[in-house]
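What follows is a short report on a single structure.
The values are calculated or read from the model by the stated rules, or taken from the named source; none is laboratory data. A quick note: this is a predicted structure, and the numbers were derived from the prediction, not measured. Cβ atoms come from the backbone with ideal geometry, glycine included; neighbour counts cover every protein chain shown. Heavy atoms of the whole protein, side chains included, go into the accessibility calculation; ligands, DNA and RNA do not. Shrake-Rupley method; radii C 1.70, N 1.55, O 1.52, S 1.80 Å.
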Amino acid sequence: MTREYFTCREMVELVTDYLEGAMPPHERAIFEAHLAVCPGCTAYLEQMRQTIRMAGKLTEEALSPQARDDLMDVFRNWKKAQSNA
Ligand SMILES: [Zn+2]
């Protein structure tokens with residue numbers, strides 16, 4: 001199966017693989033291409049990196065439904081800001 005893009009939802013699912021270096025190189029390239037054009041996912045990745053820095057590892061809390069809701073808020077606010085621009 002060859003994928004050429006990930007949706008934002010897939011990005012959220014895959015972020016742990018990315019940060020753990022568990023992602024195959026071709027998927028990593030797709031992931032990074034999405035990051036280059038998606039401020040919402042970039043913000044989420046940064047948030048996850050900070051969580052890992054503080055906790056020393058990925059935590060259950062970082063992957064909770066609440067964390068994913070927070071991400072969707074980031075997207076909503078971003079889209080709102082775009083439409084106001
Ligand atoms: Zn995205």
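Taking the stated definitions as given, is residue 4 open to solvent by 40 Å² or more (accessible area, probe 1.4 Å), in a helix (DSSP H, G or I) and either modelled with pLDDT of 80 or more or of a type in the set (A, V, I, L, M) (or both)? Spell out how you get there, then give the answer.
Values: open to solvent by 40 Å² or more (accessible area, probe 1.4 Å): yes; in a helix (DSSP H, G or I): no; either modelled with pLDDT of 80 or more or of a type in the set (A, V, I, L, M) (or both): yes.
It is false that residue 4 is open to solvent by 40 Å² or more (accessible area, probe 1.4 Å), in a helix (DSSP H, G or I) and either modelled with pLDDT of 80 or more or of a type in the set (A, V, I, L, M) (or both).
What single numbered condition from (1) away from the ligand (no atom under 16 Å from the Cβ); (2) surrounded by 11 or more Cβ atoms within 10 Å (Cβ to Cβ); (3) at pLDDT 70 or above; (4) in a helix (DSSP H, G or I) fails to hold for residue 16?
Only one criterion in (1) away from the ligand (no atom under 16 Å from the Cβ); (2) surrounded by 11 or more Cβ atoms within 10 Å (Cβ to Cβ); (3) at pLDDT 70 or above; (4) in a helix (DSSP H, G or I) is unmet by residue 16, namely (1).
So which residues in region 28-57 are part of a loop (DSSP other than H, G, I, E, B) and either open to solvent by 40 Å² or more (accessible area, probe 1.4 Å) or among the basic types (Lys, Arg) (or both), if there are any at all?
Narrowing region 28-57 to residues part of a loop (DSSP other than H, G, I, E, B): 38, 56-57.
Those that are part of a loop (DSSP other than H, G, I, E, B) and either open to solvent by 40 Å² or more (accessible area, probe 1.4 Å) or among the basic types (Lys, Arg) (or both): 56, 57.
Quick one: how many residues across region 30-50 are near the ligand (Cβ under 9 Å from one of its atoms), of a type in the set (A, V, I, L, M) and within 10 Å of the chain's Cα centre (by Cα)? I'd like the intermediate steps shown before the answer.
Kept after step one, since they are near the ligand (Cβ under 9 Å from one of its atoms), are these residues of region 30-50: 34-35, 37-42, 44.
The next check asks that each one be of a type in the set (A, V, I, L, M); those that pass are 35, 37.
Next, from what is left, pick out any that are within 10 Å of the chain's Cα centre (by Cα): 35.
Residues meeting the conditions: 1.
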